[in-house]
């Protein structure tokens, strides 16, 4: 699991940037979000590790309105969806990345846990409860049209079993493409884009959608 970037969003609004710098600098590097105008302080720490060093001011949540972070999980996947608990909103979605084609291709599957909550402590509690299966999503992940991840896997397996044994390369290419469509959901175009890209640019490799049997 990669160490995520954690953002502590400041509670005080309407600060002048110079005022922010004088108040928190030089200890903290305050960034003003250009879209919202809100200020935040960013750190590369693991919010799920209770021993992770946190700045004293932010660790006590003084002046902090919201904490956001993204955690990547590579195994023991949880059910996709939107969770709400302890003031935390958590979005869980599965991400598929394909690098290259042929024998040298690599496929990476992970889950993104996108947190927004009042504190690091609340985020840790929700993460633990989700991973232990104590919490269930209150809403489906709209990126996959509400289908549970387990159902997508089952549909892909059915395609492989039903059509995988058919001869002719163009039919097998169709099976592969259909399985990727099912598993990738709304990320299908991005998966294909990544698969086609290489050392010679975005069209280094071809993506064959095949012919249906």
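Residues 86, 170, arranged from fewest to most other Cβ atoms within 10 angstrom of their Cβ, appear as 170, 86. Taken along the Cα-to-beta-carbon direction at a fixed 7 Å, the label points for residue 76 and residue 108 span 2.2 nm. Size descriptors for the range 149-196: radius of gyration and Dmax over Cα atoms are 11.2, 30 Å.
Laboratory data are not the source of any read-out in this text; all were calculated from the coordinates shown. What you are looking at is a predicted structure, and each value in this text was computed from that prediction instead of being measured. A quick note on method: Cβ atoms are made from the backbone with ideal geometry, for glycine too, and the neighbour counts reach across all protein chains shown.
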